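The values are calculated or read from the model by the stated rules, or taken from the named source; none is laboratory data. These numbers were taken from a predicted model, which means no experiment stands behind them. Using ideal geometry, Cβ is built from the backbone for each residue, glycine included, and neighbour counts are taken over all protein chains shown. Ligands, DNA and RNA are excluded from the accessible area calculation, which covers all protein heavy atoms including side chains. Shrake-Rupley method; radii C 1.70, N 1.55, O 1.52, S 1.80 Å.
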Amino acid sequence: MSAPSNRKNKIGVFLGLALGLIVLCVAVSSLTSHLLSSEEGWTRHDDADGHHWLHRELDLTPEEAARIDEFEPAYRQERAELQRQFQAKVQELKKEITTSDEFTPQTDQLIHELHIIHGQLQELSIRHYFQMMQVLPEEKQVRLQDLAAKALSVPQ
């Protein structure tokens, strides 16, 4: 076997392994997120019935619920838009890694963009948490802090 052919085979194997690892990471991350999203905790607030779940968990009075409900629609709307962007970027990355034979600058860029959107979702959630903290009495702030601390201890 000639040296250039051997080198070409090694590069092909390396690129195949790198692509395989990327696909595996995306699959494991997606599965883990799905499994962990069923955990009870702060992140349950974002489920379809999560808003009402949080009201029950915190035993909100009608007045407290009304104060939170003032900023809930804006939060839900922004979160839905970021989730739409996140899923669109996942689809772009999926297409890229299933149609390319190597790790390209485009692959790297899509991963970076996906991380940015994920960070924006996390920041939005944390800002919303602090919005709620501002309108809750101290004893309910402590309950909300406990829920948030539990959720932060579980990777999302």
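Net charge near V90: determine it from the other residues with C-beta under 14 Å of the C-beta of V90, scoring Lys and Arg +1 and Asp and Glu -1.
+1
With every protein chain kept in place and ligands, DNA and RNA left out, what is the accessible area per residue of the stretch 40-153? Probe 1.4 Å, answer in Å².
Solvent-accessible surface per residue comes out at 61 Å².
Under a point spin-label approximation (7 Å from Cα along Cα-to-Cβ), what is the H115-N9 distance to one decimal in nm?
Spacing of the two 7 Å Cα→Cβ label points: 3.5 nm.
Counting only protein heavy atoms and a 1.4 Å probe, tell me what percentage of the stretch 40-153's accessible area is made up of carbon and sulfur.
Looking at the stretch 40-153 in its full context, I get 51 percent from C and S.
Which ³J(HN,Hα) values, rounded to whole Hz and listed in residue order, are derived for the stretch 65-80 from phi using the Karplus coefficients 6.51, -1.76 and 1.60 in 6.51 cos²θ - 1.76 cosθ + 1.60 with θ = phi - 60°, glycine and proline given as x?
Along the stretch 65-80, the couplings run 4, 5, 5, 5, 4, 5, 9, 5, x, 5, 4, 4, 5, 5, 5, 4 Hz.
Which whole-Hz couplings ³J(HN,Hα) result when phi for each residue of the stretch 100-112 is put into the Karplus expression 6.51 cos²θ - 1.76 cosθ + 1.60, θ = phi - 60°, listed in order with x for Gly and Pro?
Those phi angles translate into 9, 8, 8, 6, 10, x, 5, 4, 4, 5, 5, 4, 4 Hz.
From the protein chains alone at 1.4 Å, what is the descending order of accessible area for V90, V142, largest first?
V142, V90
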